[in-house]
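**Q** The structure under discussion is supplied below as structure tokens; questions concerning it will follow.
Derivation of every value follows stated rules applied to the coordinates shown; laboratory data play no part. Fair warning: this is a prediction, and the values are worked out from it, not measured in the lab. No Cβ is skipped: glycine too gets one built from the backbone with ideal geometry, and neighbour counts run over all protein chains shown.
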Amino acid sequence: MNIFRLMADLAHVLAIVILLHKIWKSRSCAGISGKSQILFALVYFMRYLDIMTSYVSFYNSTMKLLFLGTSGATLNLIYRKFKPSYDHNHDSFRIAYLLVPCALLSLFLNHEFSVLEILWTFSIYLESVAILPQLFMVAKTGEAESITSHYLFALGSYRALYVCNWVYRYIAESHFDLIAIIAGLVQTILYCDFFYLYITKVLQNRKLQLPA
Amino acid sequence: IHIQPAKDEL
């Protein structure tokens, strides 16, 4: 565990807290893509199946359970409790366009052709693009609430910090995992446009509004 | 250099 990794995980937890708090306080999930949240739930479910087969540390298992639990809770808030506020007309990204290529890619590009390994690989590929329905929704409505922007910034920072962690681990431990690194880079690059808007607009107390 | 899945990560 290094400082980048710890900060990354904290950013991830922060993102989840911001999202749940926003939905709960406003009693509304307006502006939140349910499809991205479905994809994230799928990502955690596929990746953390290993919680039953391998034990790394108390921290590791706790975080896995936290991500599984909170993603289930988020889906419950969006699709059950506050369903009337869910903006499904703007959440029109076709997730099959992400699921199918990720599934095919994980069958061909993996470390080992075994069930758990392929599911892990699939989750890594899927996570890298899982935010696209949310970014698509922001682009479609042309704006995002500040709190949604904070959520996206925290969530984007998480994988960017993991990239720093991988650079550190490569130097310090000669350790690297090409699949995770390339997917992590793709994931971070997808946020770049948003990061730019966040720094130039939201941090100056302006609403995140895209040019028409 | 050994390549090994980073399963200790989240």
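**Q** Classify segment A:3-151 as rounded, prolate or oblate, taking a ≥ b ≥ c as the square roots of the eigenvalues of its Cα gyration tensor: rounded when a/c is under 1.5, otherwise prolate if a/b is larger than b/c and oblate if not.
**A** Here segment A:3-151 falls in the oblate category.
**Q** In nm, give the distance between the simple-model label positions of A:I147 and A:A73, each being 7 Å from the Cα along the Cα-to-Cβ direction.
**A** Computed distance between label sites A:I147 and A:A73 equals 1.5 nm.
**Q** Once amide H atoms are built 1.01 Å from N in the peptide plane, which residues 5 or more positions from A:I32, or in another chain, come under 5 Å H to H?
**A** Here the answer is A:D87, since their amide H atoms fall under 5 Å of that of A:I32.
**Q** Run the helix sum for chain A: -39,500 (n - 2.57) per DSSP H stretch of 4+ residues, divided by residue count, reported at 222 nm to the nearest 500 deg cm²/dmol.
**A** -23500 deg cm²/dmol
**Q** Treat each spin label as a single point 7 Å out from the Cα along the C-beta direction, and report the A:F45 to A:V167 distance in nm.
**A** With each label point 7 Å from Cα toward Cβ, the separation is 3.6 nm.
**Q** Looking at chain A, which longest stretch skips every one of the chymotrypsin sites (Phe, Trp or Tyr not before Pro) that is in a DSSP loop with at most 14 other Cβ atoms within 10 Å, leaving the sites themselves out?
**A** Formally, the longest exposed-site-free interval is A:114-212.
**Q** Evaluate peptide A:175-182: per residue, the Cβ atoms of other protein chains within 10 Å of its Cβ; return the mean as an integer.
**A** What the average comes to for A:175-182 is 3.
**Q** Okay, next question. For segment A:106-113, what does the Karplus curve 6.51 cos²θ - 1.76 cosθ + 1.60, with θ = phi - 60°, yield as ³J(HN,Hα) per residue in whole Hz, taken in order and with x for Gly and Pro?
**A** Once θ is set to phi - 60°, the couplings for segment A:106-113 become 5, 6, 9, 10, 9, 7, 7, 7 Hz.
**Q** Calculate how steeply helix A:132-141 sits against the longest principal axis of the alpha-carbon atoms of chain A, using the helix alpha-carbon long axis, and give the answer as 0 to 90 degrees to the nearest 10.
**A** Helix A:132-141 sits at roughly 10 degrees to that axis.
**Q** Does segment A:46-86 come out rounded, prolate or oblate by the C-alpha gyration tensor, with a ≥ b ≥ c the root eigenvalues, rounded set by a/c under 1.5 and, if not, prolate when a/b is larger than b/c and oblate if not?
**A** Prolate, because a/c is 1.5 or more and a/b exceeds b/c.
**Q** Can you pull out the trypsin sites (Lys or Arg not before Pro) in segment A:54-161 that DSSP calls coil and that have at most 16 other Cβ atoms within 10 Å?
**A** Answer in residue order: A:R94.
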